[in-house]
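Peer 1: One structure coming up, written as structure tokens, with questions to follow.
The values are calculated or read from the model by the stated rules, or taken from the named source; none is laboratory data. The shown structure was predicted, so the numbers you read here are calculated from the model rather than taken from an experiment. Virtual Cβ from ideal backbone geometry, glycine too; neighbours counted across all protein chains shown. Just so you know, the surface numbers come from the protein's heavy atoms only, side chains and all, with ligands and any DNA or RNA stripped out. Shrake-Rupley method; radii C 1.70, N 1.55, O 1.52, S 1.80 Å.
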Amino acid sequence: MAHSLQPHRRGLLLAALMLLVVIGWLAVFGVTLWSLHDKALDDGFADARMHARNVEDHLTKTLQVIELGADSLPPDGGHASTGTLNQSLAVMLRPSPFLRSLSLLNPDGRVIASSDPRNVGLPINLHGFYPEAGLDWPQLRIGTPWHGRDLGDARPCAGEPAPPSAPGFIPVMRPVELKDQPGWWLAALNPDDFINHFSELLPVDEGRVQLLRYDGMLLLSSHPDDIPGRSDQAGQVPNRLEQQEFGDFEQRLSDGTQTLTAYRASSRFPVVIAVHLDRKYILGQWLADVRGLSMIVLPILAALSVATLLFWRRHQRLEQQRAELERQRRLTSSVFDASSDAIMLTTPSGEILSTNPAFEHMTGYSGDEVRGRNPRLLASGQHDAAFYRALWNAVIETGHWQGEIIDRRKDGSLYTGLLTINAVRDDAGRIQHCVGVTSDMTERKRYEAELLAAKERAEAAALAKTTFLATMSHELRTPMNGILGMTDILLRSELNDKQRRQIGIVKSSAESLLTILADILDYSRIEAHGITLKPSPFDPVETIQVVLALFAPHADKKSLTLRAETLEPPPGMIVADPVRFRQILTNLVSNAIKFTHDGGISVRVWSEPANSDHEHAMLVVTVMDTGIGIPSALHESIFDAFVQVDGSHSRSYGGTGLGLAISRRLAETMGGTLGVASTPGLGSCFTLRIRVIRA
Ligand code: ADP
């Protein structure tokens, strides 16, 4: 059982293994994709950080340049004339394309000198700068972005979107010492230069770079939709700044863009650079990788899945076949085990492979004892070498042998078996196995022998009986004929009436005894030697008339009518045994007269076709009487020898009970039948059919 389950388990294991491989592949694929996804995000953050650092560096340097400008004012700056100062500022501005103008303001905010002389005298609102502190704090402070080209035509923006391509600047301010009083150094920072630089660094579809004030206000952005002057344009950056001066995180900006954001505050100035990489763009690269990988992995997985499925289905089919084979094997083995015949399976060379329980029962050898041995261990020595040679030749040539064989049991006793050997061949016709089935015939043989002996005994007894009867009746006939002869002589001599009557009784008794003896002799002969027919042509109608004429005196004596009738179609001349025909007829008419007291007897004759054979015909004769009839229970047995309806008949009617038995045997020998239909009290009708040749 465990052995038979192994292939099943192996198949299941293989299928499970293939499934595991598919799942493993899927898992590896998923993990790879996920790690690629993470890597893409990590790389994105690294890029953003790198951009933030570079831009912050660039910005800090630019602002340093502005600060240096303030420091490089001539020491007598406060004493120089406005015109001279204006010129000095214009000279300083020239190498700085990122500045619109440079101006000096008195402590109230009025322009006292500027690289653009038009600015001189303009009042500048000093509020809105960050950090908001007095002249005694010597650091750079950043103003709100202004709309306009320069101080003269500009105003601080209030967080509204700028008109498209409208110019703007960012005022940057720090205190300076002018003569003996402090004043302000004001630079108008040109955002376009930064925006161009940022855009080159990071195209708009990949992300944006923002310059923020430390308080979170947007100063400029590489993204055209961002609105300078607002504090909500960099998402969470201002909040994060409170905890850390640089960092990165993932967020959603106010316009809904999902970004990887890195920010970095300037090490020296109150500004921050925020770099927002578009997450969608970053993952676009990852998606391209996913697609590429999927093109390779998914077909492999599909192929593997199909292979698994096919394998599974094939395995299922094999499993079904195996189950069916197993069922058949069990069926065969149960037949093998349950058979009452000894079965032995051998290799073509005659090595015994297995035997069934009946084999052990029949031979006394167990399966283990004979396995691997040759069947000749059963040889009894009762057959010569030629017998075994013929046996194996038949098996090899025709694949079959059957016959009686005498074998020897383990205990040395002999048994007779009917052995059937069949060869089992493979597709190429080579003998694979031989199956020998032996049914034990010892019992049957003994039974047959007993039956034969009993039959011979019975036949001998029957022969002795009939021989005895024949001898006896023959022996009795001789003295009876002597008695009859002598009574005839006596009857012809001179006798008185009394003597004549007495001798007459002796004669009729002797005659009826002779008839009985004739019947017994006839029956004995038939029993012992059968009947030999002597066919010759005759007219049955004529025979009937002769017989009836013979019985006419008897009928007259009992006042019975005797009638013969020929029906259509008449039989005509026929060929059959006329003596035997007459014997049957005589017996039937004699019985009819004997058992009828009133009425009469009528004999009818006709012919019938015999199986559409024109040469032959069936001659039918019925003998009908109005006599005492026969009970239906005896309709068959009266045709047995020595059977009479009533034992008392033998006394009142005489007879031996042999007539009908002889008649039926004769009718059957003549290819026909003899039967009766009868009702007690009404009469009987005997029907004789015999097969005849039309003459
Ligand atoms: P037997 O006439 O010598 O006794 P059969 O063999 O001819 O022997 O007849 C056997 C028995 O069948 C008769 O004893 C009689 O009882 C019965 N039997 C035969 N023919 C008739 C008949 N025509 N009517 C009534 N009984 C009959």
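Peer 1: Can you tell me which residue is nearest to PRO348 (Cα to Cα) among those in the range 393-424 that are open to solvent by 70 Å² or more (accessible area, probe 1.4 Å) and touching a residue at least 40 places away in the same chain (Cβ under 8 Å)?
Peer 2: Among residues in the range 393-424 that are open to solvent by 70 Å² or more (accessible area, probe 1.4 Å) and touching a residue at least 40 places away in the same chain (Cβ under 8 Å), the one nearest to PRO348 (Cα to Cα) is LYS410.
Peer 1: With TYR415, TYR447 as the choices, which residue is assigned to a helix (DSSP H, G or I) and either hydroxyl-bearing (Ser, Thr, Tyr) or over 26 Å from PRO357 (Cβ atoms) (or both)?
Peer 2: TYR447
Peer 1: Could you tell me whether GLY655 is in a loop (DSSP other than H, G, I, E, B), in contact (Cβ under 8 Å) with a residue 60 or more places away in the chain and open to solvent by less than 60 Å² (accessible area, probe 1.4 Å)?
Peer 2: Judged against the criteria, GLY655 is a match.
Peer 1: Write out, first by first residue and then by second, each pair whose Cβ atoms fall under 8 Å of each other, whose residues are 6+ apart or on separate chains, and whose first residue, in the range 506-522, is basic (Lys, Arg) while the second is modelled with pLDDT of 80 or more.
Peer 2: Cβ pairs passing all conditions: LYS507/LEU484; LYS507/THR487; LYS507/ASP488; LYS507/LEU491.
Peer 1: While we're looking at this one, here's another question. Taking the range 554-588, which residues are part of a strand (DSSP E or B) and closer than 16 Å to MET624 by Cα?
Peer 2: Listed by number, the residues that qualify are THR561, LEU562, ARG563, ALA564, GLU565, THR566.
Peer 1: Among the residues of the range 161-172, how many are farther than 16 Å from SER101 by Cα and open to solvent by less than 90 Å² (accessible area, probe 1.4 Å)?
Peer 2: Residues flagged as farther than 16 Å from SER101 by Cα and open to solvent by less than 90 Å² (accessible area, probe 1.4 Å) within the range 161-172 amount to 4.
Peer 1: Any residue in the range 334-351 that is under 21 Å from LEU391 (Cβ atoms) sitting within a Cβ distance under 6 Å of a residue that is polar (S, T, N, Q) and open to solvent by less than 80 Å² (accessible area, probe 1.4 Å)? List the pairs, counting only those 6 or more apart or interchain.
Peer 2: Filtered contacts from the range 334-351: ASP341/SER439; ALA342/THR438; ILE343/ASN356; MET344/THR355; LEU345/SER354; GLY350/ASN374.
Peer 1: Residues to consider are SER663, SER637, SER678; find the one that is over 20 Å from ASP598 (Cα atoms), polar (S, T, N, Q) and either open to solvent by 10 Å² or more (accessible area, probe 1.4 Å) or more than 10 Å from the ligand (Cβ to nearest atom) (or both).
Peer 2: SER637
Peer 1: With respect to the numbered conditions (1) more than 8 Å from the ligand (Cβ to nearest atom); (2) open to solvent by less than 30 Å² (accessible area, probe 1.4 Å); (3) under 23 Å from LEU513 (Cβ atoms), which one is the sole condition not fulfilled by PHE642?
Peer 2: (2)
Residue-wise test of (1) among the small types (Gly, Ala, Ser); (2) in contact with a Phe, Trp or Tyr (Cβ under 8 Å, 6 or more places away or on another chain).
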position	(1), (2)
GLN244	no, no
GLY256	yes, no
PHE269	no, no
LEU287	no, no
VAL290	no, no
ILE300	no, yes
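Peer 1: What is the residue count in the range 347-374 for residues that are open to solvent by less than 30 Å² (accessible area, probe 1.4 Å), in contact with a Lys or Arg (Cβ under 9 Å, 6 or more places away or on another chain) and in a helix (DSSP H, G or I)?
Peer 2: 2
Peer 1: Which condition number in (1) more than 20 Å from LEU674 (Cα to Cα); (2) aliphatic (A, V, I, L, M); (3) within 14 Å of the ligand (Cβ to nearest atom) is the one that LEU550 fails?
Peer 2: (3)
Peer 1: For the range 535-565, which residues satisfy the criterion of being within 24 Å of HIS614 (Cβ to Cβ) and open to solvent by 70 Å² or more (accessible area, probe 1.4 Å)?
Peer 2: PRO535, PRO537, GLU542
Peer 1: Within the group TYR415, TYR365, which residue is touching a strand residue (DSSP E or B) at 6+ places or on another chain (Cβ under 7 Å) and of a type outside the set (A, V, I, L, M, F, W, C)?
Peer 2: TYR415
Peer 1: Which of (1) hydrophobic (A, V, I, L, M, F, W, C); (2) in contact (Cβ under 8 Å) with a residue 40 or more places away in the chain; (3) open to solvent by less than 60 Å² (accessible area, probe 1.4 Å) does LEU463 not meet, given it meets every other one?
Peer 2: Result: LEU463 fails condition (3) only.
Peer 1: Only one residue in THR532, THR487 is of a type outside the set (Phe, Trp, Tyr), modelled with pLDDT of 85 or more and surrounded by 13 or more Cβ atoms within 10 Å (Cβ to Cβ). Which one?
Peer 2: The conditions single out THR487.
Peer 1: Further question: I need the full set of residues from the range 176-190 which are open to solvent by 10 Å² or more (accessible area, probe 1.4 Å) and not aliphatic (A, V, I, L, M), in order please.
Peer 2: Across the range 176-190, the qualifying residues are GLU177, LYS179, ASP180, GLN181, PRO182, TRP184, ASN190.
Peer 1: Under 6 Å by Cβ, and 6 or more places apart or on different chains, what pairs join a residue from the range 542-553 that is part of a helix (DSSP H, G or I) with one that is open to solvent by 70 Å² or more (accessible area, probe 1.4 Å)?
Peer 2: THR543/ARG582
Peer 1: Let me ask something else. Does at least one position in the range 275-291 carry a residue that is of a type in the set (S, T, N, Q), over 13 Å from LEU212 (Cα atoms) and surrounded by 18 or more Cβ atoms within 10 Å (Cβ to Cβ)?
Peer 2: No.
Peer 1: Then there is this: When you go through ASP255, ASP232, ASP248 one by one, which is the residue that is part of a strand (DSSP E or B) and either open to solvent by 30 Å² or more (accessible area, probe 1.4 Å) or touching a strand residue (DSSP E or B) at 6+ places or on another chain (Cβ under 7 Å) (or both)?
Peer 2: ASP248
Peer 1: Another one. Could you identify the single residue in VAL621, VAL692 that is surrounded by 20 or more Cβ atoms within 10 Å (Cβ to Cβ), farther than 21 Å from ASP519 by Cβ and more than 10 Å from the ligand (Cβ to nearest atom)?
Peer 2: Of VAL621, VAL692, the one residue that is surrounded by 20 or more Cβ atoms within 10 Å (Cβ to Cβ), farther than 21 Å from ASP519 by Cβ and more than 10 Å from the ligand (Cβ to nearest atom) is VAL692.
Peer 1: Between a residue in the range 264-292 that is under 30 Å from TYR130 (Cβ atoms) and any residue that is assigned to a strand (DSSP E or B) and open to solvent by 40 Å² or more (accessible area, probe 1.4 Å), which pairs come within a Cβ distance under 8 Å, given they are 6 or more apart or on different chains?
Peer 2: ARG264/PHE246; ALA265/PHE246; PRO270/TYR130; VAL272/ARG264; ILE273/ARG264; ASP278/GLN258
Peer 1: Examine the range 597-604 for a residue that is surrounded by fewer than 19 Cβ atoms within 10 Å (Cβ to Cβ) and under 25 Å from VAL692 (Cβ atoms), and state whether such a residue exists.
Peer 2: Yes: the range 597-604 contains one or more residues that are surrounded by fewer than 19 Cβ atoms within 10 Å (Cβ to Cβ) and under 25 Å from VAL692 (Cβ atoms).
Peer 1: Yes or no: ALA158 open to solvent by less than 50 Å² (accessible area, probe 1.4 Å) and small (Gly, Ala, Ser)?
Peer 2: no
Peer 1: I'd like the full set of residues that are among the hydroxyl-bearing types (Ser, Thr, Tyr) and surrounded by 14 or more Cβ atoms within 10 Å (Cβ to Cβ), limited to the range 299-346.
Peer 2: Across the range 299-346, the qualifying residues are SER305, THR308, SER339, THR346.
Peer 1: Next question, about the same structure. Does VAL437 meet the test of being in a helix (DSSP H, G or I), open to solvent by less than 80 Å² (accessible area, probe 1.4 Å) and of a type outside the set (Asp, Glu)?
Peer 2: Answer is no for this residue.
Peer 1: When you scan the range 121-140, do you find a residue that is touching an Asp or Glu at 6+ places or on another chain (Cβ under 8 Å), under 30 Å from SER222 (Cβ atoms) and small (Gly, Ala, Ser), even just one?
Peer 2: Looking for residues that are touching an Asp or Glu at 6+ places or on another chain (Cβ under 8 Å), under 30 Å from SER222 (Cβ atoms) and small (Gly, Ala, Ser), one finds none in the range 121-140, hence no.
Peer 1: If you go through the range 587-611 one residue at a time, how many are of a type in the set (Phe, Trp, Tyr) and either touching a Phe, Trp or Tyr at 6+ places or on another chain (Cβ under 6 Å) or within 12 Å of the ligand (Cβ to nearest atom) (or both)?
Peer 2: Residues in the range 587-611 being of a type in the set (Phe, Trp, Tyr) and either touching a Phe, Trp or Tyr at 6+ places or on another chain (Cβ under 6 Å) or within 12 Å of the ligand (Cβ to nearest atom) (or both): 1 in total.
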